[in-house]
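Below: one structure, written as structure tokens.
The values are calculated or read from the model by the stated rules, or taken from the named source; none is laboratory data. Not measured: the values here are computed from a predicted model. Note: ideal-geometry Cβ built from the backbone for every residue, glycine included; neighbour counts use all protein chains shown.
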Amino acid sequence: MSSIEVSRRALLGGMAGMGIAFLGRAEAAGASLAGRKLVIVICRGGMDGLAVSPPLGSPDYAALRGAIAFAPEEVLALDGEFGLHPSLTGFRALVSNGQARILPALASPDRARSHFEAQDVLESGASTAYGAETGWLNRTLQALAPGRVVEALSVGATAPLILRGPAVSGSWSPGGKASVSSRLPGLLMDLYAGDSVLGPALAQGLETELMAASARAAASSSVAMAGTSVGEVRRGTTEATTLGRTVAGFMVQPGGPDLVAVSAEGYDTHANQGRVTGALSVRLAYLDGLIEGLRLGLGRTWSKTVVVCVTEFGRTARVNGTRGTDHGTASTALLAGGALKPGGIIGDWPGLGAAALFEGRDLRPTVDSRSLFKGLLLDHLGIERKLLDRQVFPDSTSAAPLTGLV
Amino acid sequence: MAGAASEMKAAIAVTRFGLGARPGEIETALADPERWLEDQIALSDGGSALSETTLTGQRMEALRRYQADQVQIQKSGQGAEQVSEQLRTLRRNIQSATAMDFIERARLATATPHGFRERWSLFWSNHFTVSAVKLSTALLCGPYEKEAIRPHMFGRFEDLLTAAIQHPAMLLYLDQTGSVGPGSPAAIRLRNRTRAAREAGLNENLAREVLELHTVGVDGGYLQKDVTEFARSLTGWTVGSAESPDRAGQFTFRPSTHEPGVRTIMGRRYAESGLDQGLGVLRDLSAHPATARRLCFKLAQHFVSETPPQDLVGRLTDAWIRSNGDLARLARTLIRSPAAWRSGAEKLKTPYEWLVSSYRAIDRQPTTYGQIAPTLTALGQRPFYPPSPEGWPDEAAYWAAPDAIIKRMAWAERFSAAVASRLEPVAIARSSLGARMSSLTAKTIARAESRSEALALLLMSPEFQRR
């Protein structure tokens, strides 16, 4: 569109000298990822895997879950053991097409049941809390950078740890409009020359704004908000779908991001988490809408995409005294995308018997989150095993890549 | 005539320890910057003029009426459209209380001559975070700060901790109100009646966050069993219901839901003593050296640097331990520590701090919630809505996402365009940054092509973004 071309020229003119450093990837040589994309959705708060994919076939399920146990007719059928939460209709349809699978007992190496520690470990990729200052997606960018042109993007007004680090990544959230035609950005770039935080942030932000302007032409954006009434939930889901489409709009542009991190909040369900309706059902409807929006917006690129939804920890196997669940250990990961190989559940299912529960209270993990991520980075993005073991996930040789998913 | 060193000190006092300079404020601090700060260690403005938790009681009553009205409207037999319209109006009305609380606090922050006192209050309110994620807590965020935080923020830490934990806002936010001891009289009665086999009642959310976030921290040496034991000792801590007239909507201890028995938490035994059992745990957690170390580090991190100087943290920790957590003493120690005054502003202002300091720079106040709330939300700091019980993060990396910096720039442009026509930006730059302003920033502002561009440049300059 011509108006965008005009502002791009104005921007480059206003920031001569500075512009090249951060727009430099256009000059970088080498092959790209041949269109392969990876989207990581972080469900913050501790998503209750036993509600996402209720193991109705487990004999202990109903007794443990009490007031929040699903009846067989309330869930979307998956296989003999598992159902899917009724909010996940879009995801269920993808399962039918062989484009979605669940991994029912995933956990990071952290066992402290603290949101902050567990999110830190999940996103930093370290084996212990506060073991790394940067995020593993950022280190993935660094691992890819030598020979390849790669762009990353985080969605949300604030920068998540998973993408933080020396490799430059963009961030974007719905609703931002900057007048890139004014003199202000150029003058500020001069003032920020000595500021290691503000300088790179502004530079990257200006570039992303240009991409957003053209992505908006494809899908008008608005902010997804939490709602509770039926109308609000429907609107929220529609907005989540729109958000997914808009993000996809970025991804399919020439030079658009290949690695994307999305933060989804509100999964900390200590009280009244609900079943078919209720707090968790709303969040899962949004998540379902987001995945659907990505699929629609990516078009042909969907066949080269993997979307992974993970959480920092699962929740207690037992319902608590306030019809909710407390911080636990393993949870379900949702995988979707046209690049996935069809198949059943991923990883072993430990069961819910008294002896099987971790510390007598939580679902026991059977797959380390690093194994899942490493498997995808190896098979999908072609990153060498030795970089994965040492650099992207430091000291992780013991967590072998979970291969064969794509 | 004051020397260059004391001019720098005055500028740091007002901008790093305070909420940004109003015109003339740096000059006021110039005579004795430390003294200017110490004089703010007192409780007054912003606290509740009402006793105890009166305001909270009123809000809880309003919530009860709201819920009753909701039922009334739903049962009224009107058409669906009329019902939903009335419900919307009802909800808007009750939500306006939260908006009023927030704008009241923002107006105080933009006008107060006691910027350090206000920052101290923000720090402790954020340390003991309550978020407006539920309607009940949304109605109580404002009263909570006035009733639990401000009256105790220069007192003993133990009293502040107890007031925060017992406030209905916290009890509701961290799901304590429904936590019932499985062996308590109430749970046994319920089991006998319904023969329900569920493991009745415990919710460990509050206990875990007190340990992890409010006191000793995740490395403080506690295990899962300590969390559960602590949760048991806190059973019975709840909010009085409408049926108990004297404690309605206020903290109350309900013996019938308290788990009886001796508790062992982090190696210490707590005899069965009802309410005092939980208070005893809070007392020991307050006195724990891990609490002192952790909070002093956090305080130094908040005021000075993400990697605070070791000697500053050491001095603060000494003061804490020697005074058994006297927070006025802690504030004085911070002010009197040379390391807290080192040059180079390392901390990026949060969106709220930045907006407040922008208004202060031009000596104005926001008048409506709508003037500031959408901007704060877009910048990642939705009013009264921190993302988790950990509160708002304190690192530049969190707030300086590329998207957020673009939005700061867009707001600075709009704000400046609206206010700059009758202002003198060069003078404002001098009065708001004082000796902290670099010659490059001064030159860039002086050469701006309009007053509006000059003011926007000031608000976006690295010196103004940082403190």
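Overview of results
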item: Test: residue in the range B:310-328 that is at pLDDT 95 or above and within 13 Å of chain A (Cβ to nearest Cβ); result: no
item: Helices (runs of 4 or more DSSP H) enclosed by the range B:226-332 - at least 3 residues per element that are touching a residue at least 60 places away in the same chain (Cβ under 8 Å); result: B:275-287, B:289-303
item: All positions within the range B:416-437 that are at the interface with chain A (Cβ under 10 Å from one of its Cβ atoms) and among the charged types (D, E, K, R); result: none
item: Single match in A:360, A:343, A:299 (criterion: more than 14 Å from chain B (Cβ to nearest Cβ), in a loop (DSSP other than H, G, I, E, B) and either out of contact with any Ser or Thr (no Cβ under 8 Å at 6 or more places or on another chain) or over 27 Å from residue A:271 (Cβ atoms) (or both)); result: A:343
item: Qualifying residue in the range A:368-379 (condition: over 23 Å from the mean Cα position of the chain (by Cα) and at negative phi); result: no
item: Residue within the range B:218-229 that is modelled with pLDDT of 95 or more, within 25 Å of the chain's Cα centre (by Cα) and of a type outside the set (S, T, N, Q) present; result: yes
item: Selected residue (criterion: nearest to the other protein chains (Cβ to nearest Cβ)) from residues of the range A:50-68 that are aliphatic (A, V, I, L, M) and in contact (Cβ under 8 Å) with a residue 12 or more places away in the chain; result: A:67
item: Top-ranked residue of the range A:131-155 - restricted to ones that are at pLDDT below 80 and surrounded by 21 or more Cβ atoms within 10 Å (Cβ to Cβ), ranked as farthest from residue A:250 (Cα to Cα); result: A:150
item: Of all residues in the range B:365-402 being closer than 21 Å to residue B:112 by Cβ and surrounded by fewer than 17 Cβ atoms within 10 Å (Cβ to Cβ), the one that is farthest from the other protein chains (Cβ to nearest Cβ); result: B:365
item: Where a residue in the range A:378-406 is closer than 14 Å to residue A:126 by Cβ and its partner, wherever it lies, is charged (D, E, K, R) and not in a helix (DSSP H, G or I), with Cβ under 7 Å and at least six apart; result: A:399/A:368
item: Some residue of the range A:380-397 being modelled with pLDDT of 95 or more, assigned by TED's automatic domain parsing to the domain that holds residue A:91, surrounded by fewer than 24 Cβ atoms within 10 Å (Cβ to Cβ) and closer than 22 Å to residue A:101 by Cβ; result: yes
item: Where a residue in the range B:174-193 is at the interface with chain A (Cβ under 10 Å from one of its Cβ atoms) and its partner, wherever it lies, is part of a helix (DSSP H, G or I) and surrounded by fewer than 20 Cβ atoms within 10 Å (Cβ to Cβ), with Cβ under 7 Å and at least six apart; result: B:180/B:186
item: Selection count, the range B:440-467, where residues are modelled with pLDDT of 95 or more, more than 10 Å from chain A (Cβ to nearest Cβ) and over 20 Å from residue B:363 (Cβ atoms); result: 1
item: The range A:389-406, residues that are closer than 24 Å to residue A:338 by Cα and under 20 Å from the mean Cα position of the chain (by Cα); result: A:401, A:402, A:403, A:405, A:406
item: Pairs where the first residue, in the range B:403-415, is facing chain A (nearest Cβ under 7 Å) and the second is among the acidic types (Asp, Glu) and assigned to a helix (DSSP H, G or I), C-beta under 7 Å, 6+ apart; result: B:406/A:209
item: Residue match in the range B:372-381 (condition: closer than 30 Å to residue B:287 by Cβ, touching a residue at least 60 places away in the same chain (Cβ under 8 Å) and under 21 Å from the mean Cα position of the chain (by Cα)); result: no
item: Only one of B:87, B:108, B:135, B:122 that is surrounded by fewer than 20 Cβ atoms within 10 Å (Cβ to Cβ), within 21 Å of residue B:389 (Cα to Cα) and aliphatic (A, V, I, L, M); result: B:135
